[in-house]
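The values are calculated or read from the model by the stated rules, or taken from the named source; none is laboratory data. Bear in mind that the values here come from a model prediction, so they are computed numbers and not experimental data. Glycine gets a Cβ as well: all are built from the backbone with ideal geometry, and neighbour counts include every protein chain shown.
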Amino acid sequence: QNKGYKIYLILDEYDNFANNILVDYGNERYHSITHGNGFFRGFLKIVKDYSNSVIERIFLTGVSPVTMDDLTSGFNIADNYSSNSAFNNMIGFNEHEIRTLIDYYKNCTELPHSTDELIETMKPWYDNYCFSTEALKEPSMYNSDMVLYFMNRYLLNKRIPNNMLDANIRTDYNKLRHLIHVDKTFGENASVVQEIVEKGVTTGIIVDSFSAEDIIKVENFKSLLYYYGMLTINGTRGPMNILSIPNQTVREQLYGYMIDIYQQATKLSLNVDKLNFLMYDMAYEGNWEPYFNYIANQLDNQSSIREFIEGEAHIKAFILAYLGLNSYYIARPEYESNKGYADIFLQPRLLQLPDMTYSYCIEVKYAKRDADDTEIERLTADAKRQLKQYAASEWILQDKGITELKSIVLVFKGWKLVKVEEA
């Protein structure tokens, strides 16, 4: 102030340490720093007081609006620009920018893939973000961190990375699980995740702020998933937003999160390593029965899981979660194509594993626990008829590549798998 200088104050990840306190030490400790005479609240109050003299501008960034809501009365001079359409194009790369990036490197060194091939590889994993309803008609945004992760590894080895996910971007499941209070009753927010995994979409109003105490409310939880990057704006439904899974990177995180929920809520523990070994036989030997029989046997031996997977939607979400965590296939659910294809298409990862032999269409049918044999046979026949149509579709024929396509019928009677057949 004596020198006549002004301060531009930047607080990056302003919410990070406060949210960690909330997770690690609970609401009481968190409340002590953000309310009353708490030091974080006091610090921002001083910042506010000096904004009329020394501090010219303040810029805060963070993941969630939880902390800011608790500090509002002490720091009520801020505007939230997170969903302002003017900044939509800043938060990521659009396709034109990625083409410019790839072409730059192609001018510097010889690359084995074309620009179109690299974009086609990245698109289903990193694309499809929108941060404002007013920007829905603008080009979708790619996750810039993931694009740079991909390019770093691609340029180093001159080949597509085996792992398309940067470990540094994975959501902290322990923190998220704590924040939504997933418990042994398989709470309402866990059911929201299950719905999103099965359908790929939900609706809600994105809330600009909410207190730590209100974070477990469903409407706030959906907003939290949006702020964590697990959902993106895909359209509107009246005053509500249509929120969808943006890409395969997020979908695989949600699969892992669902498995965490099953394990915590029911103590069901399927050995993922064993499933990967069994899936090798599916991918290279066409031996698919042991994989599904293993899942069926584990379900049969775990009575605690049964009440949580009753119903067709829950069955599909359960199967998707475990099929989705493998190194051989991209588990593509029906809603992704929006063209009435099979419940699950296991698309071979031929860029990483060009010698794979088999791909799979899977149709899941569900019958109530009191269904008779006639109903089971009817569902099986319906599934086989549908699978024959799916197998002939242009979309499937293209994405299966050189592999042989197998069509599998799974019929559940309540929680019990009673039919596992090839169509």
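A few points about this structure:
- Among the residues of region 383-403, not a single one is in a strand (DSSP E or B) and closer than 22 Å to Y322 by Cβ.
- Within region 227-280, the set of residues being under 14 Å from V193 (Cβ atoms), at pLDDT below 90 and among the hydroxyl-bearing types (S, T, Y) comprises Y228, Y255, Y257, Y262.
- Being in contact with a Gly (Cβ under 9 Å, 6 or more places away or on another chain) and closer than 17 Å to D69 by Cα holds for only one residue in K222, K217, and it is K222.
- Residue that is surrounded by the fewest Cβ atoms within 10 Å (Cβ to Cβ), among those in region 230-260 that are out of contact with any helix residue (DSSP H, G or I) (no Cβ under 7 Å at 6 or more places or on another chain) and aliphatic (A, V, I, L, M): M240
- Counting only helices (runs of 4 or more DSSP H) wholly contained in region 61-170, the ones carrying 2 or more residues that are surrounded by 12 or more Cβ atoms within 10 Å (Cβ to Cβ) and assigned by TED's automatic domain parsing to the domain that holds S51 occupy 66-71.
- Pick from region 30-42, criterion out of contact with any helix residue (DSSP H, G or I) (no Cβ under 7 Å at 6 or more places or on another chain) and loosely packed, with under 15 Cβ neighbours inside 10 Å, ranking: nearest to A78 (Cα to Cα): G42
- Output for region 16-43, where each listed residue is modelled with pLDDT of 80 or more and among the acidic types (D, E): E28
- Scanning region 184-223 for residues that are within 30 Å of S32 (Cβ to Cβ), part of a loop (DSSP other than H, G, I, E, B) and hydrophobic (A, V, I, L, M, F, W, C) yields I206, V207, F210, I215, I216.
- Note on region 359-417: residues that are under 29 Å from the mean Cα position of the chain (by Cα) and without any contact (Cβ under 8 Å) to a residue 24 or more places away in the chain total 3.
- The set of residues in region 192-220 that are in contact with a strand residue (DSSP E or B) (Cβ under 9 Å, 6 or more places away or on another chain) and either of a type outside the set (D, E) or free of Cβ contacts under 8 Å to residues at least 12 places away in the same chain (or both) comprises V192, I196, V197, K199, G200, V201, T202, T203, G204, I205, I206, V218.
- Some residue of region 173-181 being surrounded by fewer than 20 Cβ atoms within 10 Å (Cβ to Cβ) and either at pLDDT 90 or above or among the β-branched types (V, I, T) (or both): no
- Matching residues in region 51-94 - criterion: being touching a residue at least 12 places away in the same chain (Cβ under 8 Å) and more than 30 Å from I233 (Cβ to Cβ): S51, S53, V54, I55, E56, G74
- Qualifying residue in region 368-378 (condition: within 26 Å of E285 (Cα to Cα), assigned by TED's automatic domain parsing to the domain that holds Y284, of a type in the set (S, T, Y) and surrounded by fewer than 20 Cβ atoms within 10 Å (Cβ to Cβ)): no
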